Amino acid sequence: NAGVTQTPKFRVLKTGQSMTLLCAQDMNHEYMYWYRQDPGMGLRLIHYSVGEGTTAKGEVPDGYNVSRLKKQNFLLGLESAAPSQTSVYFCASGRNIQYFGAGTRLSVL
Amino acid sequence: DQQVKQNSPSLSVQEGRISILNCDYTNSMFDYFLWYKKYPAEGPTFLISISSIKDKNEDGRFTVFLNKSAKHLSLHIVPSQPGDSAVYFCAASALEEGAQKLVFGQGTRLTINP
């Protein structure tokens, strides 16, 4: 009963490097989301998807891209990482109630 | 422009007593409200929710109250237990562009003292 699985759990990048965060869910949810959480702040929505092949921008989309090629997977990409993208990233799936993964802690030096 | 606010960054309560966590919102379009609990190095875990057509929802030791006229939400935990020590986030959602988007408060760190 995995729920929402995020990989990797930790990553350190240098400014300008790229990476992809993977989110996988086994609950057959149509809706998937990517959030970031910064100290003293709540979770903020980066991008979301309402179904396979669809993506849309959230509150803080700049510097990120996403893809939803398969229903169970939602990928978050950073094309050219910046120190301002140092954060903890959470993936979630579900509609009214969202279920979260354990997070990816990313540091950009 | 913070649409969901938790004005208490931290709260300390004695074990066995009641914990009350508060949340205020500004957007009258929100129609569903949730509380999440978060332990360090883990993702938020859903705790309890309430629809805007209700004013109270109970689940075991947890009760959520909604006052729509005041745009205020509260979570009551009775009795409080040491395992309840965590950060609690309230969230509000509204249907927007085909998705039920959540807006989170900043969180309140609850510490239960033995």
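The HN-Hα couplings worked out from phi for region A:79-92 by the Karplus form 6.51 cos²θ - 1.76 cosθ + 1.60 (θ = phi - 60°) are 6, 9, 5, 10, x, 5, 8, 5, 5, 10, 10, 10, 9, 9 Hz, whole numbers, x standing for Gly and Pro. In this label model, B:Asp31 and B:Thr45 are separated by 3.1 nm, measuring between points 7 Å along each Cα→Cβ vector. Counting heavy atoms of the protein chains alone, B:Ser69 has an accessible area of about 110 Å² for a 1.4 Å probe. Region A:33-92 and region B:58-74 have Cα centres separated by 30 Å. Only protein heavy atoms count here, probed at 1.4 Å, and on that basis chains A and B bury about 1600 Å² of accessible area in total. Remark on A:His47: its backbone amide H falls under 5 Å from those of A:Trp34, A:Gly58, a criterion applied only to residues 5 or more positions apart or on other chains, H modelled at 1.01 Å from N.
Grouping the Cα pair distances of region A:1-103 into 10 Å bins from zero gives a pair-distance distribution of 16, 53, 28, 3 percent in increasing distance order.
With a Förster radius of 22 Å applied to the beta-carbon distance between A:Glu52 and A:Thr20, the computed FRET efficiency rounds to 0.80. Extending 7 Å from the Cα toward the beta-carbon at both A:Thr86 and B:Lys68 defines two label points whose distance is 4.5 nm. Largest accessible area first, the listed residues B:Met29, A:Met32, A:Met27 line up as B:Met29, A:Met27, A:Met32 when surface is computed with a 1.4 Å probe on the assembled protein chains.
The values are calculated or read from the model by the stated rules, or taken from the named source; none is laboratory data. Not measured: the values here are computed from a predicted model. Methodologically, a virtual Cβ is constructed for each residue, glycine included, from the backbone with ideal geometry; neighbour enumeration extends over all protein chains shown. Heads up: the accessible areas ignore ligands, DNA and RNA and are worked out on the full protein's heavy atoms, side chains in. Shrake-Rupley method; radii C 1.70, N 1.55, O 1.52, S 1.80 Å.
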